[in-house]
Each structure stands twice: as C-alpha cells, then as structure tokens.
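Below: one structure, written as structure tokens.
The values are calculated or read from the model by the stated rules, or taken from the named source; none is laboratory data. Just so you know, these numbers come straight off a predicted model, no measurement behind them. Reconstructed Cβ throughout: ideal geometry from the backbone, glycine too, with neighbour counts over all protein chains shown. The accessibility values were calculated without ligands, DNA or RNA, using every heavy atom of the protein model including side chains. Shrake-Rupley method; radii C 1.70, N 1.55, O 1.52, S 1.80 Å.
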Amino acid sequence: MRIGVLTSGGDAPGMNAAIRAAVRQADALGHEAWGIRQGYQGLLEGDMAPLPSRACANILQRGGTVLHTARCPEFHQPERRAVAVANLRAAGIDALVVIGGDGSFRAAEALQREHGIACAGIPGTIDNDLPGTDRTLGFDTALNTAVEAIDRIRDTASSHGRLFLVEVMGRSSGMLAVHTAIACGAEAVLYPESPDDSYETLVTHLHTNWLRGKRSSIVVVAEGDSAGNAMAVGDRLRRDHGLDLRVVVLGHIQRGGSPSALDRIWGSRWGAAAVRLLDAGQKGFYLGEVAGALAIQPLARVLDPHPVPPGDLGELVGVLSR
Ligand code: ADP
C-alpha cells in the first residue's frame, strides 16, 4: 500500500510523534508512506511526496507539525474533493492517515463515503472536544503550558492582592479551561457548558471570597464562554463593580512547545495503530483512548452533534477555592 499522511486544522503538540510512528510502522510492514503538506490544501494542490523513515528523525520532541497544516474552506465542496481524490489516485495513494480535529475527520469521512478512500483518523487538537476518546493529541501539553503560565501569574496576583482573568483556548469546549482551573487552583472558571448563569455566580463567588479575606483571585475564562471572552468579562466587571483587575490572554503559546511524554506516547501508539489497522483492511475509523485503552471509533461518529462536557470538574473549582 501507499499510505498518505496529513495534518489538518489547528496544529497540536504530538502531531509529529503520530507522523513519525505512522511512517515507520508503514515501513516496517512493507508499505510506502507519503507526506501530504498543508492538510487538505496540499491534497488539492498535489503537494505530496514520499516520506521515508529517515526523514522522520528528530521530530518526536518538536511541537507543531513538520507536514504543516492549513484550513481549506474549498474542501467543503464535493467537486473540489473530487480533484483531491484525482491527485491521490495519480500519486497511487490507496489510504490516508488524517491527524486533526473533528472538521478534519468530517472531510475524511466524506472522502471515504464519496470515493472509497480508506481513511484513518488520529485525534489531534488541544481542545479535547472529540467524542469517543478521553484524550486528544496536544491537550496534555497545552494544559501543562497553561498551568505553568498561570503559576507565574499567581505570584504577581498574590503579591499585589489583585484579580486576574486568564483566557485559555478550547474553541466551544470548556475542557482545557476547567482542567487548567483545577490544576492551578483557580478561584473560578467560566466555560461554555457551565450549567448556571456563570457571570452572576462569579460575582457572588468573588464577593464571598473577599469577605472571607481572600485578596487575590485567578479566574480562568474559556475563549468560547457565553459571557464573552476574558476582555469582555473584564470590562463588565470594571463597569459593574469598579474592580481593578488585569486580563491575560494566553493565546497561541498554548499551541506550541515540545509535546509532553503522554502526547508523545499516544501520538506514537495512534500513528502505528492507524497503519496496522489499515494494513488489516479496516477503514473509516478514528482512534482514541478510553479508560487508558486504545479505542477505535467509526469516522461517521463525528457527524452527530457531540458536545463533550467536562463533567463536574467546573463545580469542584468553586468548592476548592474557599
Ligand atoms: P479541526 O480539524 O481542527 O476541527 P477545522 O474544523 O478547521 O479544524 O477543519 C480542518 C479542515 O477540514 C477545514 O479547513 C476543511 O478543509 C476540512 N473540513 C472541515 N469540515 C469539513 C466538512 N464538513 N466537509 C469537508 N471538509 C471539511
């Protein structure tokens, strides 16, 4: 088999581990791996070439993706996907390993359903917002990056007795925000799936903490929270309550950096497993981790609306910040 490997959507630490493992497992099974650059954009432009095992040296520990990534709006059009498939066939590529988030998986599902291209998905997104897996590549690294940054902010917050709002990524998911908040002992967290009117609850909570003698607070705000981003929430708190606060948007530093050991390990396991399953004739699946074990899900699972709420961890943040 000739197996194409691409990374698509937002880059995530651990993608390189998955690329390396897919390439080397393909090599070990007597298949040929090809690298497709810039995700689906590269498929449309025919930007692909053989990717030998040796070309994957020293990438395991690097953040980002050596294959580059892109958003490719054209891929929503069936006639553009047909062009991509013609390019794949011209290169003799039989199967695809797609490393990306749910958008990338939707595209892979369409390629498989419309054109019979054998597709395997590896969850690569720092948001951890895919159904059927407890983990996505990059989440663990991004979480640790955010926690480390907030630990630094904590020093200055407590020295000055100040309120900080810290915005973290996660698109429409509160997974990263809630886990970050628990791990850095935040006083509160605002996130999209929050069950209550989080702005009002936040104000009450900060006031109660103040009466208890707490002078500095850190509030983690998910970028997709319904109360608005951290800037908007900060403006509202200043306007409504005259609070002297600071806003920090962690932004893209959460995306970069050397992947954690866990992201390297799961990237390696998923990259190799994707190729082994394709070799065994499976197609139309993506990989995950459920309760510590490797899980296999049908690609079509991403077509259903699938909020993955962060459970009761959000409430725990409030309980632990007394
Ligand atoms: P992610 O994979 O991280 O969720 P996006 O949602 O941006 O990131 O998707 C990555 C790319 O996948 C898009 O730029 C587009 O090329 C392709 N894609 C996303 N959704 C679809 C869809 N419904 N049909 C076809 N292609 C899609």
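The calculated FRET efficiency for the pair E315 and S258, based on their C-beta separation and a Förster distance of 30 Å, comes to about 0.35. Basic side chains Lys and Arg get +1 at the Cβ, acidic Asp and Glu get -1 at the Cβ, and with that the dipole of the chain about its Cα centre reaches some 720 debye. Between S158 and V83, the C-beta separation translates, for a Förster distance of 51 Å, into a calculated FRET efficiency of about 0.35. Looking at the chain, the DSSP beta bridges with both ends there are about 20 percent antiparallel. Separation of segment 161-187 and segment 225-290, taken as the distance between their Cα centroids, equals 12 angstrom.
Here segment 139-255 carries DSSP beta bridges of which approximately 0% are antiparallel, counting only pairs with both residues inside. If R0 is 56 Å, the Cβ-Cβ spacing of W210 and D304 corresponds to a FRET efficiency of close to 0.80. Segment 1-52 and segment 98-140 have Cα centres lying 14 Å from one another. Projected onto the charge dipole of the chain (+1 at Lys/Arg Cβ, -1 at Asp/Glu Cβ, origin at the Cα centre), which of M231, L60, G311 gives the Cα projection farthest towards the positive end? My answer, from the dipole projection, is L60. Scanning residues 5 or more positions from V249 or on other chains, those with amide H under 5 Å from its amide H are E167, with H placed 1.01 Å from N in the peptide plane. Taking every C-alpha pair closer than 8 Å and separated by at least 6 residues, the mean separation divided by the residue count of the chain gives a relative contact order of 25 percent.
Dipole of the chain computed with +1 at Lys/Arg Cβ and -1 at Asp/Glu Cβ about the Cα centre; of T180, G4, G161, farthest Cα towards the positive end is G4. Per residue, the chain exposes 41 Å² of accessible surface when a 1.4 Å probe is rolled over the protein heavy atoms with every protein chain present. Sequentially through segment 126-133, phi angles give Karplus couplings (6.51, -1.76, 1.60; θ = phi - 60°) of 6, 7, 6, 10, 9, x, x, 8 Hz, Gly and Pro residues having no value and appearing as x. For segment 139-255, carbon and sulfur atoms together expose 50% of the accessible surface, with a 1.4 angstrom probe and every protein chain in place.
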